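Remarks on the structure that follows.
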Amino acid sequence: MRTNLFLVITLLLFTACTVKENKLDVSEKINYCVDKAKSVAQTLDAPDKYPRNIPEGKTTWKTTGVRDWTSGFWPGVLWYAYEASGDDEIRKQAERFTQPIELIANTSARNHDIGFMVYCSFGNGYRITGNETYKQTILDAADTLATLYNPKVGTILSWPKNKHYQHNTIMDNMMNLELLFWAAKNGGSQNLYDIAVKHAETCMTTLIRPDFSSYHVAIFDTLTWQFVKGVTHQGYADDSQWARGQAWGIYGYAMCARETGRADFLKTAQKLSDVFNSRLPEDVIPFWDFDDPTIPNAPRDASAAAVAACGMLQISELVKDEVTKEKYKNAAITLIEHLSSEKYLSGDVNQAFLLHSTGHHPKGSEIDVPIIYADYYYLEALLKLKGIRE
Ligand code: GLY
């Protein structure tokens, strides 16, 4: 009797999952991104003009220089588009926008963003093409990032130039541990691995609150090197939940779990996801901060949804039991489906893949606009999902 009940439940779950998977045509959405990336690349004739956002009322990317923290995402988009299509013209564009970022790897570290800049560009380029000249640049970038590590705190100093908080560590920085893990596995020092692990451990007890919501920034005392408090920079308030911060945490801890095999990192990623999913509105894409008092009139953040979806797909690949696997995979698919709906896809409206991201709300900057990292993680999520299905 119990066995029969178990079989029925399993069958129902399986049917529900299959139906869910069929609703989203992943290949069609990947083709949409590939075609758009290819045609936009042809319009960007200077190699130091990197798409960053599309301001309200405009249809083309506002570009930025190679030193901007977002510079790696556009070559990253092109590498993903090349990976999906095998189109040599896209590969040439990816190479053209990757090369200028080399200087970031070899000049002194301005902040933790070296990871975003070099790993999304050179990292994807090396993974996809095996181009040996890229390898040294990635290794150099990891060494440069590691100069910001403070062993007395056990974290990387995210923003060296911040005058108020001399040792600060932000949730976004979790993403850039991937560069260190990669380097340690590919000829770099073992120390890079140890730094990444210690950073992730320290953030578990400082950036992450007991209820598995999270702070954006952790502040450490520069005499005792102890954790002082959590504050916000891009969120609504110190004790609120900035949506993208939580998403960086989900992705970051899932990636750390993959790299180390550690169950505590995986559990952390799962709990961060559970909080994120429990706070989503009925129409799924998160508001920029879950605690903005103007909700439901507050702007959304499609980028947070895309980053979180990638993290949840990674979790689904790491957890062992089938029900939990499906739980995180389906949560990711729900996010990707809503990003792929008419409300969020840009279509012919402008050069981006996605509408409705929010960059820095407290500064009044990039509110409810297309932003390049939303496109990057959206395409990454689509490719990850396609890979899992195959
Ligand atoms: N500070 C990086 C971000 O806006 O998420």
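The values are calculated or read from the model by the stated rules, or taken from the named source; none is laboratory data. For clarity, every value in this text was computed on a predicted model and none was experimentally measured. Counting neighbours? That spans all protein chains shown, and the Cβs are built from the backbone with ideal geometry, glycine included. Ligands, DNA and RNA are excluded from the accessible area calculation, which covers all protein heavy atoms including side chains. Shrake-Rupley method; radii C 1.70, N 1.55, O 1.52, S 1.80 Å.
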Projected label distance in nm at R262 and D194, using a 7 Å step from Cα toward the beta-carbon: 1.4
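How big is the charge dipole of the chain about its Cα centre, in debye rounded to the nearest 20, if each Lys and Arg gets +1 on its Cβ and each Asp and Glu gets -1 on its Cβ? Please list the in-between numbers first.
Values: 40 positive and 47 negative charges, 105 e Å.
Around 500 debye, computed over the chain.
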Additional length obtainable on full extension of the chain from D238 to S108, 0.36 nm per residue less Cα span: 43.7 nm
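At R0 = 45 Å, how high is the FRET efficiency between D35 and T205 if r is their beta carbon distance? Nearest 0.05 is fine. Numbers along the way, then the final one.
Details: r = 46 Å, r/R0 = 1.02.
According to the calculation, E is roughly 0.50.
Given a Förster radius of 25 Å and the C-beta distance between K92 and K62 as r, what FRET efficiency does 1/(1 + (r/R0)^6) yield to the nearest 0.05?
On the way: r = 24 Å, r/R0 = 0.96.
The value I calculate is 0.55.
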Pair-distance profile P(r), taking every C-alpha pair of the range 120-240, with 10 angstrom steps and integer %: 13, 41, 29, 15, 2
Amide H partners (placed H, <5 Å) of H167, local residues excluded: F220
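With a cap of 12 neighbouring Cβ atoms within 10 Å, and only residues DSSP puts in a loop, list the GluC sites (Glu not before Pro) found in the range 245-338. Could you put the intermediate results ahead of the total?
Working: sites: E259, E282, E317, E322, E326, E337; in loops: E282.
Here the sparse-neighbourhood loop sites are E282.
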P(r) histogram, all alpha-carbon pairs of the range 163-313 included - 10 Å bins from 0, percent: 12, 41, 33, 13, 2, 0
Cα gyration tensor shape for the range 317-390, rounded if a/c is under 1.5, else prolate or oblate: prolate
The range 267-377: C-alpha gyration tensor shape, a/c 1.5 cut-off, then a/b vs b/c: prolate
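Over the range 290-376, calculate the relative contact order: mean separation of alpha carbon pairs under 8 Å at least 6 apart, over the residue count, as a percent. Display every interim value, and only then the final one.
Values: 117 pairs, mean separation 26.4, N = 87.
Rounded, it is 30 percent for the range 290-376.
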At most 15 other Cβ within 10 Å, DSSP loop - trypsin sites (Lys or Arg not before Pro), the range 316-378: K320, K343
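If a helix is a whole DSSP H run, which ones in the chain reach 24 Å or further along their own axis (Cα) and hold a mean Kyte-Doolittle hydropathy of at least 1.0? Can you show the working numbers first?
Values: long enough: 2-23 (32 Å, 0.74); 243-260 (26 Å, -0.29); 302-318 (25 Å, 1.32); 322-339 (25 Å, -0.40); 372-389 (26 Å, 0.16).
Within the chain the helices that satisfy the rule are 302-318.
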The range 110-160 shape via C-alpha gyration tensor axes, a/c threshold 1.5: prolate
Projected label distance in nm at H360 and L223, using a 7 Å step from Cα toward the beta-carbon: 3.2
Inter-label distance, nm, simple model (7 Å from Cα along the C-beta direction), V349/K185: 3.8
Carbon and sulfur %, accessible surface of the chain computed with the full protein complex present, 1.4 Å: 52
Descending principal axes extents, the chain, alpha-carbon based, whole Å: 63, 51, 46
Among Y193, I333, A352 - extreme Cα towards positive end, dipole of the chain, charges at beta-carbon: Y193
The chain: relative contact order as a whole-number percent, Cα under 8 Å and 6+ apart: 15
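Could you provide, to the nearest whole Å², the per residue accessible area of the chain with probe 1.4 Å? Intermediate results must be reported in sequence, preceding the final value.
Numbers: 16420 Å² over 390 residues.
Accessible surface, normalised per residue, equals 42 Å².
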Distance violations [Cα-Cα > 19 Å] among K198/K325; K135/K386; K58/K92; K36/K92; K329/K384; K23/K327: K198/K325; K135/K386; K58/K92
